[in-house]
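**Q** Structure in structure tokens, see below.
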Amino acid sequence: MTTGTHRRATATRYRVCGNILSCKAPIPELRSALYPGPREATDLQIFFLSTNADLPSPPSWYLTVSLPNGWPWLRCAKVASGYLLEFPDLATFVFTPTNNSIQCIPGRKTPAYTVRHLLLDQVLPLVLNYRGQEVLHGAAVATPYGACAFIGPTGSGKSTLAASFLASGYSVLADDCVVLEARDKDIVTIPSYPGLRLWAEAVSAIFGKTGRSTPVAHYTPKQRFGAAMSTSAFHSSSVPLAGIYLLESFAGRRDISATPIERPQLGKREALMTLLSLAFKLDIADQRMLNREFDFLHRLVSRIPVRRLFIPKSFHTLPAVRAGILQDLSNAC
């Protein structure tokens with residue numbers, strides 16, 4: 001080896017949500033994903049920068065998402081190069097559409113795995129929306145009857161239900177980021193990347209001691225679970241969408257006599273409004289995006305049943321819930 005020479009870092013490419021990401025720094029969460037072919041073009045370049053990297057100064061914030069306690073969780077602004085997404089005290093991201101890049105700048109006390117979580121599970125769905133894909137806040141699994149998506153707010157049990165399907169031998173398509181696309185007469189679900197983000201009690205109740213977990217982020221006790229997350233358990237190709245379930249618990253409901261597998265179908269208008277509220281949107285003032293999203297979701301609810309799924313907060317009911325869902329999907333075939 002000749003002394004005094006330096007090798008330039010080679011970028012690794014990953015397939016995520018139908019897009020090819022390129023990054024010179026490792027992204028361990030994507031290590032099980034299928035790598036793209038050498039002739040496939042890169043869709044997004046990812047750069048991890050230092051804490052003191054220069055950041056554009058936003059003239060104003062057009063969107064602020066707050067936590068239940070009122071503290072800002074995410075702030076978005078338009079800047080000359082594109083979009084600035086700031087998670088206060090955690091990390092900042094700059095999305096530049098002209099060169100299809102995302103720059104990731106950590107906060108002073110933010111570990112690398114937290115930055116990667118914010119990138120993959122918060123920023124990337126918003127960028128995919130900007131790039132023309134429709135993305136719902138939910139999880140999805142592949143069944144013999146087609147893909148089944150679980151949607152709902154944070155904490156409604158989407159990942160837990162997907163995990164129960166995984167433990168029963170079904171393949172996972174997505175966790176918290178369901179990417180949908182119209183293909184001919186079908187609406188298909190695009191695979192995201194392997195892994196489920198679960199509470200420790202869910203891992204223990206569903207999987208026991210099998211598999212392994214790694215921290216999701218330093219600010220949450222949730223774990224990124226990877227039991228059997230190989231190409232066999234994680235579906236690597238798109239699957240036609242067969243049904244969507246809006247998860248709700250019995251908590252606060254007067255009708256406590258309802259069974260764990262009660263799943264009334266929503267009317268088209270209610271289904272449309274629900275999906276619109278649970279869709280990722282980067283630029284809420286982009287009228288073309290809003291029109292595109294509305295047209296797509298209107299087409300979706302006209303073809304795909306959307307059901308409200310009432311389930312008790314109990315791991316013991318998961319087999320009955322799965323059986324009810326599979327019966328629904330079977331009847332629709």
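The values are calculated or read from the model by the stated rules, or taken from the named source; none is laboratory data. For clarity, every value in this text was computed on a predicted model and none was experimentally measured. Please note: Cβ atoms are built from the backbone with ideal geometry, for glycine as well, and neighbour counts cover all protein chains shown. Calculation scope for accessible area: heavy atoms of the full protein, side chains included, ligands and nucleic acids excluded. Shrake-Rupley method; radii C 1.70, N 1.55, O 1.52, S 1.80 Å.
**Q** List every residue whose amide H lies under 5 Å from the amide H of residue 157, counting only residues 5 or more places away in sequence or on a different chain, with H placed 1.01 Å from N in the peptide plane.
**A** none
**Q** Mind checking which of 67, 119, 161 has the largest fluctuation in a GNM of the chain, springs on alpha carbons under 10 Å?
**A** Looking only at 67, 119, 161, the biggest GNM fluctuation is shown by 67.
**Q** In whole Hz, what ³J(HN,Hα) sequence does segment 89-98 give by Karplus (6.51, -1.76, 1.60; θ = phi - 60°), x for Gly and Pro?
**A** 6, 10, 5, 10, 10, 10, 9, 10, x, 5
**Q** May I ask for the net charge around residue 307, where only other residues with Cβ less than 12 Å from the Cβ of residue 307 are counted and Lys, Arg are +1 while Asp, Glu are -1?
**A** With Lys, Arg at +1 and Asp, Glu at -1, the neighbours total -2.
**Q** Aspartates and glutamates within cross-link reach of residue 78: Cα-Cα under 18 Å, excluding same-chain residues under 8 positions apart?
**A** Leaving aside aspartates and glutamates fewer than 8 places away in the same chain, those within reach of residue 78 are 54, 86, 283, 286.
**Q** Along the positive direction of the dipole of segment 102-201 (beta-carbon charges: Lys, Arg +1; Asp, Glu -1; about the Cα centre), which of 147, 133, 105 reaches farthest?
**A** Sorting the options by dipole projection puts first 105.
**Q** Please give me, ordered by residue number, the trypsin sites (Lys or Arg not before Pro) of segment 142-192 that lie in loop per DSSP and have at most 12 other Cβ atoms within 10 Å.
**A** Numbers: sites: 158, 183, 185; in loops: 185.
Filter output for segment 142-192: 185.
**Q** Relative to the longest principal Cα axis of the chain, at what angle does helix 268-277 sit, 0 to 90 degrees, rounded to 10?
**A** Once rounded, one gets 30 degrees.
**Q** Could you tell me what fraction of 2.2 N^0.38 Å the Cα radius of gyration of the chain comes to, as a two-decimal ratio?
**A** Details: Rg = 20.3 Å, N = 333, 2.2 N^0.38 = 20.0 Å.
Against the empirical 2.2 N^0.38 Å value, I get 1.01 for the chain.
**Q** Pairs of alpha-carbon atoms within less than 8 angstrom and 6+ residues apart define the contacts here; what relative contact order does the chain have, in percent?
**A** 15 percent
**Q** Would you pull out the residues with amide H under 5 Å of residue 63's amide H, same chain only if 5 or more places away, H placed 1.01 Å from N?
**A** Under 5 Å from the amide H of residue 63 lie the amide H atoms of 76, each far enough along the sequence or on another chain.
**Q** Going by a ≥ b ≥ c, the root eigenvalues of the Cα gyration tensor, does segment 134-191 fall in the rounded group (a/c under 1.5), the prolate group (a/b larger than b/c) or the oblate group?
**A** oblate
**Q** Would you mind counting up the charge near residue 328? Only other residues with Cβ under 9 Å from its Cβ, with Lys and Arg at +1 and Asp and Glu at -1.
**A** Values: positive: 263, 307; negative: none.
Taking every other residue near residue 328 into account, the sum is +2.
**Q** Here is a follow-up. Just to check I understand the Karplus step: with θ = phi - 60° and J = 6.51 cos²θ - 1.76 cosθ + 1.60, what whole-Hz values come out for segment 199-204, glycine and proline as x?
**A** 6, 4, 5, 5, 4, 5
**Q** Ratio to report: Rg/Rh of segment 96-205, with Cα atoms as the point set and Rh obtained by the Kirkwood method; give two decimals.
**A** When Rh is taken as the Kirkwood radius, the ratio is 1.01.
**Q** So, taking all protein chains as they sit and a 1.4 Å probe, how much accessible area belongs to residue 61, in Å² rounded to tens?
**A** 80 Å²
**Q** Going by alpha carbons, how many degrees (0 to 90, nearest 10) lie between the helix axis of 318-332 and the longest principal axis of the chain?
**A** 80 degrees
**Q** Also: For segment 261-333, count all C-alpha to C-alpha pairs, find those more than 17 Å apart, and express that count as a whole percent of the total.
**A** On the way: 1446 of 2628 pairs.
Cα-Cα pairs in segment 261-333 separated by more than 17 Å: 55 percent.
**Q** Now a separate question. Please list 3J(HN,Hα) in residue order for segment 287-301, calculated via the Karplus relation 6.51 cos²θ - 1.76 cosθ + 1.60 where θ = phi - 60°; whole Hz, with x for glycine and proline.
**A** 5, 5, 5, 4, 5, 4, 5, 4, 4, 5, 5, 5, 5, 4, 5
**Q** Would you work out which of 49, 119, 316 lies farthest towards the positive end of the dipole of the chain, given +1 charges on the beta-carbon of Lys and Arg and -1 on that of Asp and Glu, about the Cα centre?
**A** The one lying farthest along the dipole's positive direction is 49.
**Q** Count the net charge of all other residues whose Cβ sits under 14 Å from the Cβ of residue 89, scoring Lys and Arg as +1 and Asp and Glu as -1.
**A** Summing Lys and Arg as +1 and Asp and Glu as -1 gives +2.
**Q** Could you work out which residue, out of 123, 79, 141, moves most in a Gaussian network model of the chain, that is, has the largest mean-square fluctuation with Cα springs under 10 Å?
**A** Maximum among the listed residues: 79.
**Q** Nearest 5 is fine: what % of DSSP beta bridges in the chain come out antiparallel, could you say?
**A** Once the DSSP bridges in the chain are tallied, antiparallel ones form about 75 percent.
**Q** Rounded to the nearest 20 debye, what is the charge dipole size of segment 106-236 about its Cα centre when +1 sits on each Lys and Arg Cβ and -1 on each Asp and Glu Cβ?
**A** 520 debye
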